[in-house]
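The values are calculated or read from the model by the stated rules, or taken from the named source; none is laboratory data. The structure displayed is predicted, hence computed values, not measured ones. Please note: Cβ atoms are built from the backbone with ideal geometry, for glycine as well, and neighbour counts cover all protein chains shown.
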Amino acid sequence: MNSTENRYTLAILVNNHPGVLMRVVSLFSRRGYNIDSLSVGETENEAVSRITIVVSGDRPVVEQIKKQVGKLIDVKRVYEMTQTRSLQRELVMVKVSTKSESRSQVVELAQIFKAKIIDVTASTVSLEMTGSLDKIQSFLDLMMPYGIVEMARTGITALERGSRALSSISYSEDDV
């Protein structure tokens with residue numbers, strides 16, 4: 001990421017129909033925009049899915065992305081989730097190589113970061129952790145010297161802070 005670029009989290013509410021995700025992702029591909037993180041799931045209304053996309057770029061690029069995505073068929077709403085007005089989390093599962101002399105150190109770090117041990121073998125410990133990007137990166141940085149054998153990440157998902165819900169906010173052109 002270059003110094004003029006920032007990370008932006010977009011929540012996109014779409015009709016839960018086949019092909020909608022492909023149309024959204026294809027728009028990014030056609031325009032040459034890179035997706036840093038992507039997560040998708042149903043909302044409280046099974047007819048609506050929420051796509052959470054993290055992109056890097058400058059403000060004009062993100063504004064253009066929001067406008068273009070908002071014009072797609074089946075897109076109901078595009079909303080930018082800011083760091084201060086939203087709760088953003090990611091799940092990571094990581095398998096770490098351990099020897100008998102390092103196992104207790106890995107377990108201790110897991111406890112400090114509130115990571116859950118989900119599997120143990122003679123040579124590895126598998127952990128699950130949820131948190132902010134910074135917390136997850138700090139955890140992974142500390143696990144790296146032990147040897148990360150395998151890792152899977154869900155991508156960022158986000159909710160608006162407070163009692164306001166994205167699905168109940170009235171639609172306005174300012175949000176697209």
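Can you go through LEU87, LEU72 and tell me which one is under 20 Å from SER163 (Cα atoms) and among the aliphatic types (A, V, I, L, M)?
LEU87
TYR79 fails exactly one of the following numbered conditions: (1) in contact (Cβ under 8 Å) with a residue 60 or more places away in the chain; (2) closer than 24 Å to MET129 by Cα. What is the number of that condition?
(2)
Looking at region 58-176, what strands (runs of 3 or more DSSP E) fall wholly within it and have at least 3 residues that are in contact with a Lys or Arg (Cβ under 9 Å, 6 or more places away or on another chain) and surrounded by fewer than 15 Cβ atoms within 10 Å (Cβ to Cβ)?
Because the criterion is at least 3 residues that are in contact with a Lys or Arg (Cβ under 9 Å, 6 or more places away or on another chain) and surrounded by fewer than 15 Cβ atoms within 10 Å (Cβ to Cβ), the strands (runs of 3 or more DSSP E) in region 58-176 that meet it are 148-153.
Can you pull out the residues in region 115-155 that are within 19 Å of the chain's Cα centre (by Cα) and free of Cβ contacts under 8 Å to residues at least 40 places away in the same chain?
Correct list: ALA115, LEU127, GLU128, MET129, ASP134, LYS135, GLN137, SER138, ASP141.
Take SER39 and tell me if it is in the same structural domain as LYS76 (by TED's automatic domain parsing), under 13 Å from VAL69 (Cβ atoms) and among the hydroxyl-bearing types (Ser, Thr, Tyr).
Taking the combined requirement at face value, the residue does not satisfy it.
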